[in-house]
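The values are calculated or read from the model by the stated rules, or taken from the named source; none is laboratory data. Note that the structure is a prediction, hence the values are computed from the model and not measured. We place every Cβ from the backbone using ideal geometry, glycine too, and count neighbours over all the protein chains shown. Just the protein is used for accessible areas: all its heavy atoms, side chains included, with ligands, DNA and RNA removed. Shrake-Rupley method; radii C 1.70, N 1.55, O 1.52, S 1.80 Å.
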Amino acid sequence: MFKLFNNKRLFILLITLVSFIVLMGFSLGSRKSLTWPENFVRDTTGFVQNLFYKPAGYVAGLFQDIANLHDLAEENERLHLMVAQYTREKAQYNFIKAANERYMEELKFKKAQKELYDFELYIAQVISLTTEPSNNSIVLDLGSKDGIKPNMSVVSTEGLVGVISQVSNFTSTVKLMTMMDVNDPNSQPAISATVLNKEGQSFGMIEGFDTQSGMLQMNKIPVGDPIAVGDIVISSGVGGLYPRGLTIGEVKEVKIGQFGYTSTAIIDPAADFQDWKELFVVFTEERVE
Amino acid sequence: MRRSVLVLLLFLLFILQGTILPWLMPDSWQMRIIPNLVFIVLLFVTVYHHRHTALVLGLAFGMLHDVVFYGRILGAHSFAMGLSAYLIGLVFQIPRAPLPLMMTVVLLGSLLEDSILFAIYSVFNLTQVPYNWALLDHMLPTMLFHFAMGLVLYIPVRRQLELLKKETRKEENA
């Protein structure tokens, strides 16, 4: 038998093992900001990745566009219909908004209360990604210099994608919704959700993602809730972390929950978690905590 | 000189696997194949060069991956890549290994690395899926993908390593 470990080597091995466990445990918890070596490594790599991802996307997109050319007329027609409907609803919306602002004025709302549900979308370029199931994350080209902070929501044109997990000076990482986990104490917070067109009546918490089926789970739906299969689930804005009105997905199934009293809905996420190009970071009004 | 070429090559592969490869991969495979080109080259280094070089490079590039794609935990890839490259080198460090043996090493190493990663995530309660499911869902497809990439990389990487070896020998003689 050859000698595997002499004393010195065993010592080094144990020290390394212990320091790795310490590092992993330390990095698990929530961290306010990154240290400068991390910032440096992320920003330099981000710069190089930026040179590669976008051109590759354009080339891939060109081939895709040629393949999809015949769908274009159909899509155009659908968009025309949507624009017509949108302009009609826009007028309606302006009336309601004006009335709402007047009521707020008359009821003497505080400034913070008025701006509670205001948010702006900032476009961000994806610069690289990893699809590993236990650490599925995307790197964006906006960082703390652009005002990005941890836990801001990130949406695509389809719907909610995830939250910002770590921010360095010029890049930030997005933790996708697929990382949501009830059993993980450091997972992103649950999303309070409601149903489109039943906003006042429906409520539930989106708490986890099932990797095996690729579906989100909406728990704590109260008795007598009108949620049904085919409904579109949106974020309700209660709790304040996720802004109001972001599309999350479509209800596939409603069943009795874990404890037999509340219901649980299975939701097919609207974002399809692939072919990333641009994403939007949701900037909400600053809140005093 | 050659050493820095090797490090640059690894860095380039790291950039490529995060930026270009997702575009080349068909949509239905994207979640099932997790390309790790850096690790394939590390397996070549551990077999044809030396396991200590592979260990150090594995720790460094694993940490790079961890920091850049920091979602939940730091150090998982660093630990997995370093340890599996070293263990593979401990068993298979054969400077004249033929192609079939090297491909077996790529398959084994890829499985070992993914299993170590899975174990780390399980220990920290970050994954709830059973090992059997993870094996069929992404470890086996990734293994096959790494096998194919190993074939593509075999000639250029081996040539680089031969040059590196020649240079180290010259340095030792001088």
Worksheet item: If we only count strands (runs of 3 or more DSSP E) wholly inside the range A:234-289, which ones have 1 or more residues that are touching a helix residue (DSSP H, G or I) at 6+ places or on another chain (Cβ under 8 Å) and within 14 Å of another protein chain (Cβ to nearest Cβ)?
Response: A:263-269
Worksheet item: How many residues are of a type outside the set (S, T, Y) and either assigned to a loop (DSSP other than H, G, I, E, B) or away from chain B (no Cβ under 14 Å) (or both) if we restrict to the range A:159-209?
Response: 27
Worksheet item: Quick check, is B:V38 touching a residue at least 40 places away in the same chain (Cβ under 8 Å) and among the β-branched types (V, I, T)?
Response: yes
Worksheet item: So A:I227 clears everything in (1) open to solvent by less than 50 Å² (accessible area, probe 1.4 Å); (2) not in a loop (DSSP other than H, G, I, E, B) except one condition, right? Which one?
Response: (2)
Item to complete: Check whether at least one residue in the range A:31-47 is within 12 Å of another protein chain (Cβ to nearest Cβ), in contact (Cβ under 8 Å) with a residue 24 or more places away in the chain, under 28 Å from B:D27 (Cα atoms) and out of contact with any helix residue (DSSP H, G or I) (no Cβ under 9 Å at 6 or more places or on another chain), and report yes or no.
Response: yes
Practice prompt. Give just the number: which of (1) modelled with pLDDT of 90 or more; (2) under 15 Å from A:D272 (Cα atoms) does A:T171 not satisfy?
Written response: (2)
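Please work out if A:N169 is closer than 17 Å to A:V281 by Cβ and in contact with a helix residue (DSSP H, G or I) (Cβ under 7 Å, 6 or more places away or on another chain).
So A:N169 passes the test.
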Response to the item:
Taking the range B:82-114 and keeping residues among the hydroxyl-bearing types (S, T, Y) and touching a residue at least 24 places away in the same chain (Cβ under 8 Å) leaves B:S84, B:Y86, B:S110
Discussion item. When you scan the range A:240-247, do you find a residue that is over 16 Å from the mean Cα position of the chain (by Cα), open to solvent by less than 80 Å² (accessible area, probe 1.4 Å) and not assigned by TED's automatic domain parsing to the domain that holds A:G143, even just one?
Written reply: no
Discussion item. Kindly evaluate A:Q217 against the criterion of being at negative phi and assigned to a strand (DSSP E or B).
Written reply: yes
Discussion item. Cβ-Cβ distance below 7 Å, separation of 6 or more or different chains: which pairs start in the range A:238-249 with a residue that is aromatic (F, W, Y) and end on one that is open to solvent by 60 Å² or more (accessible area, probe 1.4 Å)?
Written reply: none
Worksheet item: Which number in (1) open to solvent by less than 50 Å² (accessible area, probe 1.4 Å); (2) under 30 Å from B:R3 (Cβ atoms); (3) aliphatic (A, V, I, L, M) marks the one condition that B:L87 misses?
Response: (1)
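Quick one: would you say A:L34 is in a loop (DSSP other than H, G, I, E, B) and surrounded by 13 or more Cβ atoms within 10 Å (Cβ to Cβ)? Spell out the reasoning first.
Numbers: in a loop (DSSP other than H, G, I, E, B): yes; surrounded by 13 or more Cβ atoms within 10 Å (Cβ to Cβ): yes.
So A:L34 fits the description; yes.
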Worksheet entry | Pairs with Cβ under 9 Å, 6+ apart, first in the range A:116-138 and in contact (Cβ under 8 Å) with a residue 12 or more places away in the chain and of a type in the set (F, W, Y), second in a strand (DSSP E or B) and open to solvent by less than 20 Å² (accessible area, probe 1.4 Å) | A:F119/A:S153; A:F119/A:V282; A:Y122/A:V281; A:Y122/A:V282
Discussion item. Given the criterion within 11 Å of chain A (Cβ to nearest Cβ), within 16 Å of B:V38 (Cβ to Cβ) and not in a loop (DSSP other than H, G, I, E, B), identify the matching residue among B:L153, B:L112, B:L90, B:L64.
Written reply: B:L64
Worksheet entry | Contacts under 7 angstrom Cβ, first residue in the range A:172-200 being on the phi > 0 side of the Ramachandran plot, partner open to solvent by 10 Å² or more (accessible area, probe 1.4 Å), 6 or more apart | none
Discussion item. Give me the residue from the range B:33-57 that is closer than 20 Å to A:M24 by Cα and within 12 Å of chain A (Cβ to nearest Cβ) and, out of that set, most open to solvent (accessible area, probe 1.4 Å).
Written reply: B:V56
Fill in: Single residue of A:F47, A:F63 found to be closer than 13 Å to A:F170 by Cβ and open to solvent by 80 Å² or more (accessible area, probe 1.4 Å)
A:F47
Worksheet item: Looking only at residues in the range B:120-145 that are more than 7 Å from every other protein chain (Cβ to nearest Cβ), under 21 Å from B:L83 (Cβ atoms) and not hydrophobic (A, V, I, L, M, F, W, C), which one is surrounded by the most Cβ atoms within 10 Å (Cβ to Cβ)?
Response: B:T142
